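Quick notes on the structure that follows.
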Amino acid sequence: MQPYDMPDEKGHFGQFGGVFVAETLIEALDELRVMYEKYRHDPDFLAELHYDLKHFVGRPSPIYHAKRWSDRVGGAQIYLKREDLNHTGAHKVNNTVGQALLAKRMGKPRIIAETGAGQHGVATATISARLGLECVVYMGAEDVKRQAPNVYRMKLLGATVVPVESGSKTLKDALNEAMRDWVTNISTTFYIIGTVAGPHPYPMMVRDFNSVVGVECKTQMNEMLGRQPNAVVACVGGGSNAMGIFYPYIDLREVRLIGVEAAGHGIETGKHAAPLTANSPIGVLHGNRTYLMQNEEGQIIETHSISAGLDYPGVGPEHAWLKDIKRAEYVAVTDTEALDAFHSLCLTEGIIPALETSHALAYAEKLAKTMKPDQVILVNLSGRGDKDINTVAKISNINL
Amino acid sequence: MSRIANTFKALKEKNKKALIPYITAGDPHPDLTVSMLHALVDAGADMIELGIPFSDPMADGPTIQRASERALAHHVGLSHVFKMVKAFREKDDKTPIILMGYANPIEAIGAETFVERAKNSDVDGVITVDYPPEECMHFTKLLKEKNIDSIFLLSPTTELDRVKLIIEQASGFLYYVSLKGVTGAANIDIEQVKSKVSIIRELTKLPIGVGFGVRDAATAKEVAKISDAVVVGSRMVQEIENSNKDNLISNISKLMQELREAVN
Ligand SMILES: Cc1ncc(COP(=O)(O)O)c(C=O)c1O
């Protein structure tokens, strides 16, 4: 069998991906593609990246056997890849460190980013502070309200946070606004996209920077168990933590790869953020072709999820491709199911997971029950839940 | 010959430059769009760019974003846009109509259906902001088969090799985006535009239009001197935004006349 080798040189994953942007951005994307190609295998660049991942981020992150939780769920053994233990508390930093080092090599003094939950914004503000780069983060006005602690965190780190008032005032609108900034300030500015979306080369580059997660897992699982898991489970917003852990496993056909989307109030209610599970039509948004939540007139519709980081109407083009070729499976869990898993992990393992991650945990519970005790599920614990305690408290009618 | 080519030819014979206002279909209300189109023609528009409302207008500044939002509040989409053009054609068989929008609404109904309906309602040209030529070969071919012009954007950052590639795909005219930025930004540099336009002109016989930063009659006048067509978007939309239903038609007509006088 041919080793997996996607995307093609134009950034296509089959019919997905590509470069769908206004003409002004083409040259900047060409430049980025060339520079990324130059540095991705460059020993000096990689040495600098690995130094930062080790000493600044704290990699490798451990894998933890959630034994008590597995016993309580009943069925397969659940292992957690602890991306929550990274500096800044999520997988997002793997990508921002990589892109920021690239920005430095390209001589761009100004960084912009979009953020939903604020995790990518915090990770970007963090590395910008560390490298002495100016940082501007676009965040939907709704999300600014939902994720107040992260907004303040970004400000402490010296970033300017710009609330975006257009459209649905969430992640997709923050992305639109970041693109508008980029097109205006193209010569000075590097746009650090926070997920495996956007025009080529972003989906590929963000995947590559996050794939350190899956690469470590392969070694660590081998050391711990002498084998690889039966299934790998990760939540999917844009899909960067999922691609990061899936990618090194794609050629290991016997390992099931399962992406968990946000079913919000339930797929059947239409109030969700699960384009793959809901069989949304194919469309073009934010520079790539993918499955996209939209109405018959091609207008992007509002999404719903308890977690700001999954509240996105599209999905990275590589996930669309992996779904079509049936290499990965996609499912969705509701707000309520995710909340239950959130509490369950807190109480049985002493780990407060992010609400995004709780979607993956909720599905891992369901799946484990259908499997045998000698089988293994590996969940990407993409982030910690400190940022979500206000949201969870509010749902429990507790005023902090 | 297409309506667009005819219009440029007729203008050239009279030694005049084309003036192209932009409005978003359905802004401020779908019932007004057709009469606004006629009013703009009466006041001196040579062609009209009609925006297809989109929920995520990534290349547009706040003014045109708000126009899209006003139109979407009335659920205006492609099906209405085609009807508007058809209604316009009942009284005007001469003025080219160019649809401008984003890829997703086109893909939602499918390229084939889009082109067929565009032809049926007598659309003359299409600009799809987020379709670089490499990504829309099939769409361009379909348009060509139906004699609808594919108008592509060129920007200050477009390198010479790409200019050539775009010229090969383009018809009707070339649209030079006069600044690095979104629609409505106000930092147009005439000298810079002039030098880029003259480079493009050496490579093609197609007329060259300039837009994105034309904020007033004085700028329109300067741009007309160095191009074949001047596109006025955000300034026109701003006039719509600042009008009420009683003075809307007279306000946009007045602005159009001012621009016409400046350009002549
Ligand atoms: C902890 C965590 N997990 C997951 C996500 C979703 O993003 P992605 O699908 O790109 O991993 C986010 C986004 O903010 C996040 O903060």
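Touching a residue at least 24 places away in the same chain (Cβ under 8 Å) and open to solvent by 20 Å² or more (accessible area, probe 1.4 Å), is that true of A:TYR39? Answer is yes for this residue. I need the full set of residues from the range B:212-227 which are charged (D, E, K, R) and either open to solvent by less than 30 Å² (accessible area, probe 1.4 Å) or part of a helix (DSSP H, G or I) (or both), in order please. Answer for the range B:212-227, where residues must be charged (D, E, K, R) and either open to solvent by less than 30 Å² (accessible area, probe 1.4 Å) or part of a helix (DSSP H, G or I) (or both): B:LYS221, B:GLU222, B:LYS225.
Filter the range A:125-152 down to residues that are among the basic types (Lys, Arg) and more than 14 Å from the ligand (Cβ to nearest atom) and give me whichever is most open to solvent (accessible area, probe 1.4 Å). It would help to see each step written out before you state the result.
Initial filter on the range A:125-152 (among the basic types (Lys, Arg)): A:130, A:145-146.
From what's left, more than 14 Å from the ligand (Cβ to nearest atom): A:130, A:145.
Numbers: A:ARG130: 103, A:LYS145: 146 Å².
My answer is A:LYS145.
Close contacts from the range B:151-162, counting a first residue that is more than 7 Å from every other protein chain (Cβ to nearest Cβ) and a second that is outside any strand (DSSP E or B) and hydroxyl-bearing (Ser, Thr, Tyr), with Cβ to Cβ under 8 Å and a gap of 6+ residues or different chains, come to B:ILE151/B:SER171; B:PRO156/A:THR24; B:PRO156/B:SER178. When each of A:ARG72, A:ARG82, A:ARG33 is tested for being of a type outside the set (A, V, I, L, M), in contact with a strand residue (DSSP E or B) (Cβ under 8 Å, 6 or more places away or on another chain) and either over 23 Å from A:GLU134 (Cβ atoms) or touching a residue at least 60 places away in the same chain (Cβ under 8 Å) (or both), the lone residue that passes is A:ARG82. Look at (1) surrounded by fewer than 24 Cβ atoms within 10 Å (Cβ to Cβ); (2) more than 14 Å from chain B (Cβ to nearest Cβ); (3) touching a residue at least 60 places away in the same chain (Cβ under 8 Å); (4) over 21 Å from A:ASN95 (Cβ atoms) and you find that A:ILE282 fails only one, number (2).
Taking the conditions exactly as written (within 14 Å of another protein chain (Cβ to nearest Cβ), within 15 Å of the ligand (Cβ to nearest atom) and outside any loop (DSSP other than H, G, I, E, B)), does A:ALA242 satisfy them or not? First the steps, then the outcome.
On the way: within 14 Å of another protein chain (Cβ to nearest Cβ): no; within 15 Å of the ligand (Cβ to nearest atom): yes; outside any loop (DSSP other than H, G, I, E, B): yes.
The answer is no for A:ALA242.
Scanning the range A:17-30 for residues that are open to solvent by 30 Å² or more (accessible area, probe 1.4 Å) and at pLDDT below 95 yields a count of 1.
Name the helices (runs of 4 or more DSSP H) wholly inside the range B:8-99 in which the number of residues that are of a type outside the set (S, T, N, Q), within 30 Å of A:TRP182 (Cα to Cα) and within 12 Å of another protein chain (Cβ to nearest Cβ) is 2 or more. Give the steps one after another, and end with the answer.
Details: elements: B:33-42, B:62-73, B:78-89.
Where helices (runs of 4 or more DSSP H) fall fully within the range B:8-99 and carry at least 2 residues being of a type outside the set (S, T, N, Q), within 30 Å of A:TRP182 (Cα to Cα) and within 12 Å of another protein chain (Cβ to nearest Cβ), they are B:62-73.
Going through (1) open to solvent by less than 10 Å² (accessible area, probe 1.4 Å); (2) within 27 Å of A:MET221 (Cα to Cα) one by one, A:ALA332 falls short only on (1). The condition of being open to solvent by 10 Å² or more (accessible area, probe 1.4 Å) and either within 10 Å of chain B (Cβ to nearest Cβ) or within 13 Å of the ligand (Cβ to nearest atom) (or both) holds for only one of A:THR219, A:THR188, A:THR195, that being A:THR195. Would you pick out the residues in the range B:228-264 that are open to solvent by less than 40 Å² (accessible area, probe 1.4 Å), over 28 Å from B:LYS196 (Cα atoms) and in a loop (DSSP other than H, G, I, E, B)? The answer is B:SER243, and nothing else. If you take the residues of the range B:163-186 that are more than 9 Å from chain A (Cβ to nearest Cβ) and in a loop (DSSP other than H, G, I, E, B), which of them is most open to solvent (accessible area, probe 1.4 Å)? So, considering only residues that are more than 9 Å from chain A (Cβ to nearest Cβ) and in a loop (DSSP other than H, G, I, E, B), the one most open to solvent (accessible area, probe 1.4 Å) is B:ALA186. Taking (1) under 23 Å from A:PRO275 (Cβ atoms); (2) among the small types (Gly, Ala, Ser); (3) surrounded by fewer than 24 Cβ atoms within 10 Å (Cβ to Cβ) in turn, A:ALA338 satisfies each apart from (3). Evaluating A:LYS155 against the criteria (1) under 18 Å from A:GLY309 (Cα atoms); (2) more than 16 Å from the ligand (Cβ to nearest atom); (3) away from chain B (no Cβ under 11 Å) leaves one unmet condition, (1).
The values are calculated or read from the model by the stated rules, or taken from the named source; none is laboratory data. Computed from a predicted model, the values in this text were never measured in an experiment. Glycine gets a Cβ as well: all are built from the backbone with ideal geometry, and neighbour counts include every protein chain shown. In case anyone asks, the SASA skips ligands and DNA or RNA and just uses the protein heavy atoms, side chains included. Shrake-Rupley method; radii C 1.70, N 1.55, O 1.52, S 1.80 Å.
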